[in-house]
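The values are calculated or read from the model by the stated rules, or taken from the named source; none is laboratory data. Because the structure is a prediction, the values reported are computed rather than measured. FYI the Cβ positions are ideal-geometry reconstructions off the backbone, even for glycines, and counts take in every protein chain you see. Areas reflect the complete protein model, heavy atoms only, side chains present, ligands, DNA and RNA absent. Shrake-Rupley method; radii C 1.70, N 1.55, O 1.52, S 1.80 Å.
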Amino acid sequence: MTAPPTTPIRLTELDYFVEGMDCPTCVRKIEGALERTPGATNAKTNLTRQTLTLTLDETQTPRAALEKTLRSLGHEPRQLNGETGQTHTPRAWHATKQGRLVLTTGALLTLAFLFGLVEPGLAVWGYAAATVLGTWPLAKKGVAAARAGDPFSINTLVTLAAIGALVIGEAAEAAVVVFFFAVGELLEGIAVGRARSGIQALAALAPKTAFVLKKGKVFEVPADTLQPGTFVQVQPGGRVPADGTILEGQSSLDDSPVTGESVPVFKTVGDTVYAGSINTDGVLKIRVDTAASDNTIARIIHLVEQAEASKAPVARFIDRFSRVYTPIVVLIATLTAVLPPLLTGAGWSDWLYKGVALLLIGCPCALVLSVPAAITSGISAGARRGLLIKGGAALEAIGSVKTIAFDKTGTLTAGTPKVTDVVPFGAPESDVVRLSAAVEQGSSHPLAKAILAHAQGADLPAVQDARALPGKAVLATLDGRELAVGSPRYAQDRGALSAEAERTAQALEQQGKTVVTLLDGTRVLGLIAIRDEPRPDAREAIAALKALGVRPVMLTGDNARTGQAIAQDLGLDVQAELLPEDKLRVIAALKGRGSVAMVGDGINDAPALAASDVGIAMGGGTDVALETADAALLRHDVHGVSDLVQLSRATMTNIKQNVIFAVGLKAVFLVTTLLGITGLWPAILSDTGATALVTANALRLLRWKGSRA
């Protein structure tokens, strides 16, 4: 017996722009419908971009059926990529479906009012027409939401209230209710659009074309075709087309569009440049290091979009609350309308009117919008200041940390050893530096690089017979003299270290500095002290964290003496000589005293970043650190850590204000409605007004500039 043929699975990756998906309720309604759609998996919605991505098995649900479901919910889907290759261009508010609804219902409302001045009988029909026109799309959305498992949606509440108002003969107020609700939904869409514009502005930073160098000639090509290894030329005033490394030239680059750095940064051969940065003066030859899809701007946009899809705990609480709250509101409104007439013989009309008003007051629009509006604005404001936050949960957590642990090298310090002191003994200081650099020429040791960098510009003599004694010294011959650059112990073993030189070396080492000696045979010519110095802003940034009530602590694998010296200079506690697993142990102990954030930039920091409550990667850090962290600082600036704490706290304050606006207005109108002071249109105005206040308050965060703006 032959088995029946099986239908092959047809999995399709779909990416839609969903018109009108501009509030958290819309997102929840769409996600609920997709959960009940056979073959729809991996569905992800993005409120800010108004997009929906999913994997669809078209043997179970054809694409056309999916799009029909979305339309039944009141949303027009338009495919962004895929087979149609279409892209979405944002439309002005008056060209959207919601905008047209507001204009139409507003026009009918105005006409009905004007007819009422001439013939009151005609006005009733005008108000009724405006009510029906405005309620019809809401009713369709309400029915679709009920089918998707949400029978008490906002659309259902407003539909019931509008029909109830018509039934009791309040057509004028019903029309005003529907109009105000349409305006409120339009405001939500505009608010999301404002937050979205900041991300679109990021995408526009990178130039559309680039000037490629090939065989001595310059060719203009689309910037998105650049591949790693390509050489490009950037003229003064031009934007860098891709992330890369300078091969020739030097210039000051304005990185502010990408990192938020307010002052142009001087860069030369070997320095990294970002796509979108503005070249201010010199001609640069740059090697492209990343493709357009993986440059800094693309990564920022990707991280921000991921962040907006991640809800903060407070947002999840508001969602759960609204799902319970709305049915309770419907029950209370029903009891208000029915019980007094049944139990006391009161007039049905008055209490039905109050019940309908309570339905409108109970609409949780502003309450549901209060959190995501603030979170989206906060994340967007941070991205524009070089602070990348990977979600609402991270943004909420950063502001509540009790301790922030810092890695030392590359985080609190520059990560590059520098000469701090030159102490001559029997030779001019310039000769000590010049001769030491001559001996160290060609060495790749970090200490040798520090000495050579300090001697930059000096005329270095040529030495012969250069050789190294591992762990002790580097030796070379100059004009028959044997010169050596080595440790104080090496000089002591040679009997060359005087008592004065030894005391000086010990004093410098107590400051956490590495000391090398320059010897001419058995005579010390001078000492050179080298240290990886703290970043210029580190001390001020640590003080700012303390002022915020956060305890800073340094965790380092460096020796205890160096760690203690740096920590004492910066004014924070330190634990030194830690291996990566030791940092995990310390993080776990610190978490016993409250939530902990970890700031680092290296591969060895990744475990600690992941183990902490909030991981923060410093700018320029490794990809591993950036991927592991919950937040990233694009600038090499420790102040970004305190800025993150302040942004988080500003966002949480904004959320609390929004909740107070949303709940407070409703509480006031609830009392006045039950007392018979206010009616239907003030009831819906309480929700629309709260929505407007919440929106405007959340958008204030977009103007947040940080502590050192």
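Please calculate the 1.4 Å probe accessible area of residue 670, with all protein chains present, and give it to the nearest 10 Å².
Approximately 70 Å² of residue 670 is accessible to the 1.4 Å probe.
Could you pull out every one of the aspartates and glutamates with an alpha carbon less than 13 Å from that of residue 68, ignoring same-chain neighbours closer than 8 positions?
The reachable aspartates and glutamates, counting only those whose Cα sits under 13 Å from residue 68, are 76.
Do the sum for the chain: with -39,500 (n - 2.57) for every DSSP H run of n ≥ 4, divided by all residues, what is the mean residue ellipticity at 222 nm, to the nearest 500 deg cm²/dmol?
Values: 23 runs with 350 residues, N = 709.
So the calculated ellipticity at 222 nm is -16000 deg cm²/dmol.
Between residue 13 and residue 537, how many nm apart are label points set 7 Å from Cα along the C-beta direction?
3.7
Taking amide hydrogens as modeled 1.01 Å from N in the peptide plane, which residues meet the under 5 Å criterion relative to residue 266, leaving out close sequence neighbours?
253
Which of the three applies to the range 483-555, rounded, prolate or oblate, going by the alpha-carbon gyration tensor with a ≥ b ≥ c and a/c under 1.5 meaning rounded?
Working: a/c = 4.33, a/b = 3.50, b/c = 1.24.
Here the range 483-555 falls in the prolate category.
Under 5 Å between amide H atoms, partner at least 5 residues away or on a different chain: which partners does residue 635 have, H built in plane at 1.01 Å?
619
Hey, what do the phi angles of the range 281-292 turn into as Karplus ³J(HN,Hα) couplings, whole Hz, using 6.51/-1.76/1.60 and θ = phi - 60°, x for Gly and Pro?
Once rounded to whole Hz, the list reads 9, x, 7, 10, 9, 10, 8, 6, 9, 9, 6, 4.
Can you compute 3J(HN,Hα) from phi for each residue in the range 383-392, using the Karplus curve 6.51 cos²θ - 1.76 cosθ + 1.60 with θ = phi - 60°, rounded to whole Hz and x for Gly and Pro?
Once rounded to whole Hz, the list reads 4, 6, 10, x, 10, 9, 10, 8, x, x.
Ignoring ligands, DNA and RNA, how do 323, 649, 28 rank by accessible area with a 1.4 Å probe, largest first?
Numbers: 323 145, 649 80, 28 40 Å².
From most exposed to least exposed: 323, 649, 28.
Excluding residue 278 itself, calculate the net charge of residues whose Cβ lies under 11 Å from the Cβ of residue 278, where each Lys or Arg counts +1 and each Asp or Glu counts -1.
Working: positive: 239; negative: 254, 255, 281.
For residues surrounding residue 278, the net value is -2.
Please list, ordered by chain and number, the residues whose modelled amide H lies under 5 Å from the amide H of residue 59; skip anything fewer than 5 residues away on the same chain.
10
Do the alpha carbons of any pairs in 390/546; 217/285; 217/267 sit beyond 20 Å of each other, and which pairs?
Numbers: 390/546 25 Å; 217/285 13 Å; 217/267 24 Å.
Those over the limit are 390/546; 217/267.
Return the carbon/sulfur percentage of the accessible area of the chain, one whole number, probe 1.4 Å, all protein chains in place.
Details: 18520 of 31610 Å².
Heavy-atom surface of the chain belonging to carbon and sulfur, 1.4 Å probe: 59 percent.
Taking a probe of 1.4 angstrom, what is the accessible area of residue 41 in Å², to the nearest 10?
Ignoring ligands and nucleic acids, residue 41 comes out at about 70 Å².
Could you work out the relative contact order of the chain, using alpha carbon pairs under 8 angstrom and six or more residues apart, expressed as a whole percent?
Values: 1416 pairs, mean separation 87.0, N = 709.
Value for the chain: 12 percent.
Karplus couplings for the range 230-247 from phi (6.51 cos²θ - 1.76 cosθ + 1.60, θ = phi - 60°), rounded to Hz, Gly and Pro as x?
Result, ordered by residue: 6, 9, 10, 10, 10, 7, x, x, x, 9, 5, x, 7, 5, x, 10, 6, 9 Hz.
Could you check the simple spin-label distance between residue 111 and residue 503, using points 7 Å along Cα→Cβ, in nm with one decimal?
About 10.1 nm separates the two model spin labels.
How about residue 666: which lysines have a C-alpha closer than 22 Å to its C-alpha, ignoring those fewer than 8 places off in the same chain?
Of all the lysines, those that pass the test against residue 666 - Cα under 22 Å, at least 8 places apart if same chain - are 354, 656.
Starting from the residue with the highest accessible area, list 593, 10 in decreasing order, probe 1.4 Å. Working shown, then result.
Working: 593 165, 10 130 Å².
The most accessible residue leads, giving 593, 10.
Using a/c under 1.5 as the rounded threshold, could you call the range 112-194 rounded, prolate or oblate? The axes a ≥ b ≥ c are square roots of the C-alpha gyration tensor eigenvalues, and prolate needs a/b larger than b/c, oblate otherwise.
Details: a/c = 3.16, a/b = 1.57, b/c = 2.01.
The shape class here is oblate.
Can you pull the accessible area of residue 17 for me, 1.4 Å probe, Å² to the nearest 10?
We get 10 Å² for residue 17.
Hey, with R₀ at 45 Å, roughly what FRET efficiency would residue 349 and residue 35 work out to, going by the Cβ-Cβ distance, to 0.05?
Values: r = 42 Å, r/R0 = 0.93.
With R0 = 45 Å, the Cβ-Cβ based efficiency is 0.60.
Which order do 472, 267, 390, 208 take when ranked by solvent-accessible area (1.4 Å probe, heavy atoms of all protein chains), largest first? Don't skip to the answer; put the middle values down first.
Numbers: 472 120, 267 15, 390 45, 208 155 Å².
So, going from the largest accessible area down, we get 208, 472, 390, 267.
I need the calculated FRET efficiency for the pair residue 705 and residue 418, taking r as the beta carbon distance and R₀ as 41 Å, to the nearest 0.05.
On the way: r = 32 Å, r/R0 = 0.78.
With a Förster radius of 41 Å, E is 0.80.
Give me the number: length gained by fully extending residue 293 to residue 209, i.e. 0.36 nm times residue separation minus the C-alpha to C-alpha distance, one decimal in nm. Mind showing how you got there, number by number?
On the way: separation 84, 0.36 × 84 = 30.24 nm, distance 1.48 nm.
Going from the current span to full extension adds 28.8 nm.
Given 0.36 nm per residue, what is the gain on full extension from residue 675 to residue 76 after removing their alpha carbon distance, in nm? Could the numbers behind the result be given before it?
On the way: separation 599, 0.36 × 599 = 215.64 nm, distance 4.24 nm.
In short, 211.4 nm is gained.
Would you mind classifying the range 449-533 by shape? Square roots of the alpha carbon gyration tensor eigenvalues, ordered a ≥ b ≥ c; an a/c under 1.5 is rounded, otherwise it is prolate if a/b is larger than b/c and oblate if not.
Details: a/c = 1.88, a/b = 1.22, b/c = 1.55.
Oblate is the answer for the range 449-533, as a/c is 1.5 or above yet b/c matches or exceeds a/b.
When the chain is fully extended, how far beyond the present Cα-Cα distance does residue 510 get from residue 338, taking 0.36 nm per residue of separation?
Full extension from residue 510 to residue 338 adds 53.5 nm.
Could you give the accessible area per residue of the range 350-488, probe 1.4 Å, as a whole number in Å²?
Numbers: 5080 Å² over 139 residues.
Spelled out: the 1.4 Å probe surface of the range 350-488, per residue, equals 37 Å².
If you compute P(r) over Cα pairs in 20 Å bins from 0, in percent for the structure shown, which of (i) 17, 48, 27, 8, 0; (ii) 15, 36, 29, 14, 6, 1; (iii) 20, 58, 22, 0 do you land on?
(ii)
If each of residue 468 and residue 58 carries a label point 7 Å out from its Cα toward its Cβ, how far apart are those two points in nm?
6.2
Which angle between 0 and 90 degrees, to the nearest 10, do you get for helix 97-118 versus the longest principal axis of the chain when only C-alpha atoms count?
Value to nearest ten degrees: 40.
How far is helix 639-674 tilted, in degrees, relative to the longest principal axis of the Cα atoms in the chain, given as a value from 0 to 90 rounded to the nearest 10?
It is inclined by approximately 10 degrees.
Sequence neighbours fewer than 8 away in the same chain don't count; with that in mind, list the lysines whose C-alpha is under 28 Å from residue 472.
408, 418, 449, 513
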